[in-house]
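I have placed the structure first, in the form of structure tokens, so that the comments after it can refer back to it.
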Amino acid sequence: MSELGICSRREADEWIANGWVRVEGEVVDTLGARVPHDAKITVDAQARQHQATRVTVLLNKPMGYVSGQPEDGHEPAIVLVRPENRWTEDRGPQRFQPGHLRGLAPAGRLDIDSTGLLVMTQDGRVARRLIGADSEIEKEYLVRVAGTLSEEGLNQLRHGLWLDGQALRPARVSWQNEHQLRFALREGRKRQIRRMCEQVGLTVIGLKRVRIGSVMLGHLPVGNWRYLRQDEKF
């Protein structure tokens, strides 16, 4: 079901347990049941309604917060998703409910010393699109740097560097101003941009993610969040 893009693995487990999944017209309620690849899989309307109520939140993460689980005494970014931190200009129809925090998980990382757009979602389809093994979603960053960058170094940032024994995919890198670079990547290795800059003699002073796919950070204030609008798609 996950491979077919119907739902996430977590959702599939829940739907199967609830008896919402049919294979060739027969209810399958046993987790891990094997079926032929060409089998016809259908889901009850209840499952679709359940999926439609799942929310996706966009947060402008401040420095000092980790994306996922608490670590080294630092709080996870999800603690900021509370009514008083909702952006006052969020015009979405959703009213905040405590249930919106249940199962809300980051769809991708943003380092503790980085700021900007962090996506958290209850929707397995969104998570798979952003962080699935076959994801092609481009992410854009503004990176303030110190040091001298040659034209050769700039070309290396665009293509030619390796991390952890693997060649990096081509990236779009350009100068935003004399102290800041703009990176657009389709992959997300751990601390990738910082390590790329180190290889060409630069030190990263500040890093902010400003776009994921077609969804922009825009004017969302630091520490504030809003719901993903119905007209926005990754």
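Any read-out appearing in this document is the output of simple, stated calculations on the displayed coordinates, not a laboratory observation. Only a predicted model underlies this, so the values are computations on that prediction, with no experimental measurement involved. Every residue, glycine among them, receives a Cβ derived from its backbone with ideal geometry; neighbour counts consider all protein chains shown.
Some points to look at:
- ³J(HN,Hα), Karplus 6.51/-1.76/1.60, whole Hz, each residue of segment 163-180, x for Gly, Pro: 9, 6, x, 10, 5, 7, 6, x, 10, 9, 10, 8, 7, 7, 7, 5, 10, 9
- Dipole axis of the chain (+1 Lys, Arg; -1 Asp, Glu on Cβ), positive-most option in 74, 185, 219: 219
- Pairs of lysine residues in the chain - Cα separation under 22 Å, sequence separation of 8 or more or cross-chain: 9
- Between the beta carbons of residue 88 and residue 174, assuming R0 = 30 Å, the FRET efficiency works out to 0.35 to the nearest 0.05.
- In plain terms, the chain from residue 203 to residue 42 could stretch by 52.7 nm, reckoned as 0.36 nm per residue minus the Cα-Cα distance.
- Largest-first principal axis extents, alpha carbons of the chain, Å: 65, 43, 36
- When +1 charges are put on Lys and Arg Cβ atoms and -1 charges on Asp and Glu Cβ atoms, the dipole computed for segment 139-212 relative to its Cα centre reaches about 480 debye.
- Zone residues, segment 53-91, relative to residue 232, backbone N less than 16 Å from point 7 Å out along Cα-to-Cβ: 54-62, 81-82, 85-91
- Note on residue 33 and residue 190: their simple-model spin labels are 4.0 nm apart, each label 7 Å out from Cα toward Cβ.
- Mean shadow area of segment 139-212, taken as a quarter of the surface of its Cα convex hull (nm²): 4.3 nm²
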